[in-house]
Amino acid sequence: MEKANKRRGLITVVVVLSLIAFLGFSLVPILDSILKASQAQSRSTPTPTQTAQSGEKQSELLQAQARGYELVLQREPDNVTALRGLLQVRLELIGQGVGDIKDAIAPLEKLASLNPETTEYGILLAQAKERTGDREGAAGAYRSILVSRPGEITALQGLVNLLLVQQRPEAAIGLLQDTLKAAPAANQAKPESVDVTSVQLILGQVYAVQKRFEEAIAIYDESAKANPKDFRPT
């Protein structure tokens, strides 16, 4: 009995730590990190002689590069190199406060369509659409990834976060439960395609966010028992 109580106490601590980690993940999406990196790059190694004019010249140069990529894409709409270049330039302009996040959506849609195996494009597309207020479009982008890769954790986490923002916790829980139910068949067809432990941890985090601590503790306990050597609290 004492051993069980100690185990329960440990799992409770894990719930709290995972809740903190979950909220931290929700606040720092990949797109924000890229935009901050682009902004930092555009302002790197400043010198005393830098002026507003130099910033304007840099923006003009980036805009000229964007037009160049656009001309290439008019002739070759599926040119992946040009699409990547256009996306990078537009992200840098957004980082400078010149462009708009909507400007990144078109090249991201094309890149996601041409490179379905590169899930980062679809995830960035979902985050960009969410930033513009298109939550349905964001959900669709996440789901399109999960159709072929149900165990793609970043997409799964992103869709769960989106559902929680929309005040749809039961939909988020249902999504995770369905993923766990389908995991055995998915892993039989393609080994290790769904990381059951990671999905269980996300489900536990959602329970914790909803203050359903008993269910959170139960799912963490189940995960710990099934994977005593691979129990990841965060």
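The values are calculated or read from the model by the stated rules, or taken from the named source; none is laboratory data. Owing to the predicted nature of the structure, the values given are computational and were not obtained by experimental measurement. Every residue, glycine among them, receives a Cβ derived from its backbone with ideal geometry; neighbour counts consider all protein chains shown.
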Q. Any residue at all in the range 112-124 that is of a type outside the set (A, V, I, L, M), surrounded by fewer than 23 Cβ atoms within 10 Å (Cβ to Cβ) and over 16 Å from the mean Cα position of the chain (by Cα)?
A. yes
Q.
Whether any residue in the range 144-159 is at pLDDT 95 or above, farther than 26 Å from Tyr220 by Cα and polar (S, T, N, Q) is what I want to check.
A. yes
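Residue by residue, here is whether (1) outside the structural domain of Asn115 (by the TED database); (2) under 23 Å from Leu114 (Cβ atoms); (3) touching a Ser or Thr at 6+ places or on another chain (Cβ under 8 Å); (4) not polar (S, T, N, Q) holds:
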residue	(1), (2), (3), (4)
Arg67	no, yes, no, yes
Arg75	no, yes, no, yes
Val80	no, yes, no, yes
Leu83	no, yes, no, yes
Leu91	no, yes, yes, yes
Gly95	no, no, yes, yes
**Q.** Of all residues making up the range 160-191, the number that are touching a residue at least 24 places away in the same chain (Cβ under 8 Å) and surrounded by fewer than 15 Cβ atoms within 10 Å (Cβ to Cβ)
**A.** 4
Q. Take the residues of the range 92-109 that are more than 19 Å from Gly133 (Cβ to Cβ) and buried (at least 21 other Cβ atoms within 10 Å of the Cβ): which is nearest to the chain's Cα centre (by Cα)?
A. Pro107
